[in-house]
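The values are calculated or read from the model by the stated rules, or taken from the named source; none is laboratory data. Just so it is clear, the model here is predicted, and its values are computed rather than measured. Cβ coordinates were reconstructed from backbone atoms using ideal geometry, including for glycine residues, and neighbour counts include every protein chain displayed. We work out accessible area using only protein heavy atoms, side chains counted, and drop any ligands, DNA or RNA first. Shrake-Rupley method; radii C 1.70, N 1.55, O 1.52, S 1.80 Å.
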Amino acid sequence: MTPETQTSVLGALGVNWKLFVAQLINFGVVLFVMWKWVYTPLLKAIDARSAKLDKGLKDAEAAAAARTGAEKSSEEAILSARREAQRILEEAQKQADAQRAEAKAKTREELKVLVTQGKEALASEKEKMVLEARSQIAELAVMAAAKALGEKMTDAQKKALLESAAKHAA
Amino acid sequence: MTIPPIAAEPIAHLGSFTVTNSLLTAWVAVGLFIALAFLVNRKLTSGAPGRFQSAVEALLEFMLGYVDQVTGDRAKSRKFLPLVGTLFLFILACNWMGSIPGVGSVTRTVLLEGKLENAPIFRPANADLNMTLAMALLTVVTSHLVGIISIGFFAHWNKFIALGTFFKSLRKKPMDIVVALVEMLVGVIELSAEVAKIASLSLRLFGNIFAGEVLITVMYSLVAYVVPLPFTVLELIVGMVQATVFSMLALVYLTILSEKPHGHEEEHHEDEMGEAHGLAPHASEAS
């Protein structure tokens, strides 16, 4: 303590400009250090974190919404696929039925044709046989007549006789 | 029994500069805060914070909440927090350091006023008026700077030397001129109140801590065991309260001077006993 500071009231309380400046510097240093390396970076960190948190919450909400949408759309897809399958199945059934019916009809037609053809063939065969038989009978009749009449007929007479016999037989 | 003297005792000399025991304690406190800043920055992250960072962040947000109650504006609070928060933490640390065993009791023989005497190596930093005066002056000067920056040079000084209001009143009724003159007179009183702010801030803290130091010394010299303990606890509480009072008053000064004057109404503030005042959140509304 210097004598000149002791004379005043402040000096009596121990105030000394050198010490005052030293203490001012002390507090100034603390203030600067705290401001520069504690308050500013920490408040910045807190802000950054809360911003990050907000963004995270928003992202989570968006993700949840997207998931719900995806679930709905996938359900819809499954439902529509099922409907489509049902439709295809029904169509196939219908087609199969139609095909079967068509095949049946076709077979029936073919059978009919075959039967008709068979009948026709039989009829023509029968006619042919009748014709043959007729001509043989006529020949036999002529031969028998010739035998009976003797062989006294001319060729022209034989021919006329054959023709008339054939006409009768017809 | 030696009652501590009002002035801090010189315990060492650095050239022509005298190092006192209070200054030495203040240096230790400064070192603590530098260490704190270093620790905070070592693992600073905006991701998931560690335990230490969480604790400091919680303290910061707690203080910010308190500051909000006075300023009512988060942006302003963030501007004031570094000064107000540092005042609180530094004063609190200095006050509580006075209760560490050894502070005030471990002595060294020094030449004091021509006699050899035992002086403590460490004394509470705030038991030295130089320290509290430095903080008080810094606070009041800063509050005026904040006022000038936030409402303008002339608007700020018109709160104290109401010349602007006076010239405006010349164009109005005579009654307004009288009111303006009265306001000018009030302004002069306000100006002296600014000086009183420095004196009250510094002397209140110094007085409380110095008195506490004397009280503890007396108690220990009367009964060395058990009896001084309640007083030590009391000193811890006083240290906390005084740190709160100083920083809250600083905050109120900052807030008041950063506010625009509404019309002719001048806000002013009584600054008698800080204890009740500093804890009232809306002291700025007093008129």
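Could you grab me the full set of residues in region A:55-83 that are open to solvent by less than 100 Å² (accessible area, probe 1.4 Å) and either aliphatic (A, V, I, L, M) or within 13 Å of chain B (Cβ to nearest Cβ) (or both)? Hits for region A:55-83 are A:Gly56, A:Ala60, A:Ala62, A:Ala63, A:Ala64, A:Ala65, A:Ala66, A:Ala70, A:Ala77, A:Ile78, A:Leu79, A:Ala81.
Of all residues in region A:144-170, those being at pLDDT 80 or above, of a type in the set (D, E, K, R) and surrounded by 10 or more Cβ atoms within 10 Å (Cβ to Cβ) number 2. Here region B:90-102 is the region considered, the condition is being among the hydrophobic types (A, V, I, L, M, F, W, C) and open to solvent by 30 Å² or more (accessible area, probe 1.4 Å), and the residue that is farthest from B:Phe206 (Cα to Cα) is B:Ile100.
Taking region A:12-68 as the range and being hydroxyl-bearing (Ser, Thr, Tyr) and either farther than 20 Å from B:Val84 by Cα or within 51 Å of the chain's Cα centre (by Cα) (or both) as the test, the residues that pass are A:Ser50, A:Thr68.
For B:Pro82, all conditions in the list (1) of a type outside the set (Ser, Thr, Tyr); (2) open to solvent by less than 20 Å² (accessible area, probe 1.4 Å); (3) out of contact with any Phe, Trp or Tyr (no Cβ under 7 Å at 6 or more places or on another chain); (4) free of Cβ contacts under 8 Å to residues at least 12 places away in the same chain hold save one; what is the number of the exception? Checking B:Pro82 against (1) of a type outside the set (Ser, Thr, Tyr); (2) open to solvent by less than 20 Å² (accessible area, probe 1.4 Å); (3) out of contact with any Phe, Trp or Tyr (no Cβ under 7 Å at 6 or more places or on another chain); (4) free of Cβ contacts under 8 Å to residues at least 12 places away in the same chain, the one that fails is (3). When you check B:Thr25 against the structure, is it surrounded by fewer than 15 Cβ atoms within 10 Å (Cβ to Cβ) and in contact (Cβ under 8 Å) with a residue 12 or more places away in the chain, yes or no? For B:Thr25, the condition - surrounded by fewer than 15 Cβ atoms within 10 Å (Cβ to Cβ) and in contact (Cβ under 8 Å) with a residue 12 or more places away in the chain - is not met. At least 2 residues being open to solvent by 50 Å² or more (accessible area, probe 1.4 Å) and within 30 Å of B:Ala93 (Cβ to Cβ) is the threshold, and among the helices (runs of 4 or more DSSP H) wholly inside region B:121-238 those reaching it are B:129-151, B:174-222. Considering each residue of region B:7-18 in turn, none proves to be open to solvent by 40 Å² or more (accessible area, probe 1.4 Å) and either at pLDDT 90 or above or in a helix (DSSP H, G or I) (or both).
Is at least one residue of region B:17-33 farther than 24 Å from B:Leu205 by Cβ and within 12 Å of chain A (Cβ to nearest Cβ)?
yes
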